[in-house]
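J.: Here it is: the structure, laid out below.
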Amino acid sequence: MKFAFVFFAVLFAGCQPGEPGANSCGVQDPINELPWLRKKVDTLETDKGQRSVSLVSYKQQTYIVISKVWSSSPASDIYNCDGQPAIKGLNVSYNQFVDNAKTVKVLYSKE
């Protein structure tokens, strides 16, 4: 549970309007305009527990973080705009990413 608190605290801290990625992934409404993300959100609708989809900025690039507090593999929940898992391609650990990413916008949140 401590991990979940730290994860959300980092992701939701420092959200500033107008930061890079506000018009994220080249679309105005990522959930409805990115088919892969729409499918993920549809799946989240049937899940239980706290879950969210956020746009984050990391090294001036936009990523999409799908958070589920009970997830045992959080690194698999960070995607590039094409829907591909992002951590491996960035050559950073999950913790390095979370420590340096800034939330741009929360697209979806449900408890």
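J.: Loop only by DSSP, 11 or fewer other Cβ within 10 Å of the Cβ. Give me the chymotrypsin sites (Phe, Trp or Tyr not before Pro) in segment 39-111 that pass, ordered by residue number. Intermediate values should be presented prior to the final figure.
T.: Details: sites: Tyr58, Tyr63, Trp70, Tyr79, Tyr94, Phe97, Tyr108; in loops: Trp70.
Answer in residue order: Trp70.
J.: Spelling out what I want: for every residue of segment 58-67, take phi, set θ = phi - 60°, compute 6.51 cos²θ - 1.76 cosθ + 1.60 (Karplus), and round to whole Hz; glycine and proline get x.
T.: Per residue, the Karplus-derived 3J(HN,Hα) values read 9, 6, 6, 10, 9, 10, 10, 10, 9, 9 Hz.
FYI, it's all coordinate maths here, none of it is from the lab. Note that the structure is a prediction, hence the values are computed from the model and not measured. Note that each Cβ is placed from the backbone with ideal geometry, even for glycine, and that neighbours are counted across all protein chains shown.
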